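The values are calculated or read from the model by the stated rules, or taken from the named source; none is laboratory data. This structure is a prediction, so every number in the text was calculated from the model and none was measured. No Cβ is skipped: glycine too gets one built from the backbone with ideal geometry, and neighbour counts run over all protein chains shown.
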Amino acid sequence: MSTRAPRRTQHERRVATRARILDCAVACLLERGYAATTISEVQERAGLARGTVQHHFPSKQDLVVDATAHVVEARLARFEHEARLVPPDRRPFEAFVDLAWRDLNSPAFFAALELWVAARTDTQLRDRLVAEERRLFERMRSVYASVLGDPYATDPRTPTVVEFTIDVLTGLSMTTMLTGNLGEREAALRRWTYAVALMYGEIAPDDLLAGPRISTSAG
C-alpha cells in the first residue's frame, strides 16, 4: 500500500509559493529595512526564479502592499499565542501590560514599523496599512479585555486604557530600540502598570510614586 502524500494541486502550489515569498519579504524588512527589501533580495532569499516572484508580485510596491496583511497575520498569531500562555493567577494589570509589551517588542511589530515609515509617502501602502491595522486592533482589543478579566473587561474605561497603553508602549519600544537602555525600560513598564491601576481607581495617586504591590479584586 502506497504511503506517498498526494500531489498538491496547482492552487495549493501557488498559495505556498506566494506565502514563501511574503515570508522572505517580511524577514527582509525586519533584518535589512524597507529600502533594502527589493525583488532581487526577496528572490534570492526565497530561492526562486525572478520571473516566479514577479509573476506573483510585479513590483516592489505590489510586494510590500501585500506584505502588510502577512505581517498582521504573523503578529496576531504570536499575540494570541502569548495571551493563551498567561497564567490564570497572574495579576490582571501586570498580565495586560506584559502582553502589550511582548507584542510591541516582537519581530512582527518591528517589521510593521518599517512599513509605517514607508507609508508616510506612499498613499497606496498607507491605505492598505490603515485598513490592516484597524483589523489588527479590533482583534487585539477583545483579547486585552479577556486578559484583564472581570470586572475590567466591561468597564467603560477599558477602551481608553487599552489605547493609552498601546500608545505609551509603542513609544517606549521605539526608544528602547534606539537606546538599548533596558533598566529604564523595566522601570517605565512598572510605572505604567501602576498608572493603569490608578486609572481604574485601584490605587491612590500618591501610591503611583511609591510603586506599591498592586492588589485588585480580579488578581
May I ask you to say which residue of Thr165, Thr158, Thr179, Thr216 is among the hydroxyl-bearing types (Ser, Thr, Tyr), under 19 Å from the mean Cα position of the chain (by Cα) and either at pLDDT below 85 or in the same structural domain as Ala83 (by TED's automatic domain parsing) (or both)? Thr165
For region 153-168, check the following and say yes or no: at least one residue is out of contact with any Pro (no Cβ under 9 Å at 6 or more places or on another chain), of a type in the set (Val, Ile, Thr) and not in a helix (DSSP H, G or I). no
Any chance you could count how many residues in region 118-141 are part of a helix (DSSP H, G or I), among the charged types (D, E, K, R), over 18 Å from Ala74 (Cβ atoms) and more than 13 Å from the chain's Cα centre (by Cα)? 2
Output the residues belonging to region 20-29 that are in contact (Cβ under 8 Å) with a residue 40 or more places away in the chain, over 19 Å from Asp122 (Cα atoms) and surrounded by 18 or more Cβ atoms within 10 Å (Cβ to Cβ). Ile21, Leu22
Looking for something surrounded by fewer than 16 Cβ atoms within 10 Å (Cβ to Cβ) and more than 30 Å from Ala16 (Cβ to Cβ) - is there at least one such residue anywhere in region 71-82? no
Do we have Ala187 as out of contact with any Lys or Arg (no Cβ under 9 Å at 6 or more places or on another chain) and among the aliphatic types (A, V, I, L, M) here? yes
Condition check for Glu202: among the acidic types (Asp, Glu), buried (at least 17 other Cβ atoms within 10 Å of the Cβ) and either more than 21 Å from the chain's Cα centre (by Cα) or more than 26 Å from Ala77 (Cβ to Cβ) (or both): yes
Can you report the number of residues in region 98-117 which are more than 12 Å from the chain's Cα centre (by Cα) and surrounded by 21 or more Cβ atoms within 10 Å (Cβ to Cβ)? 2
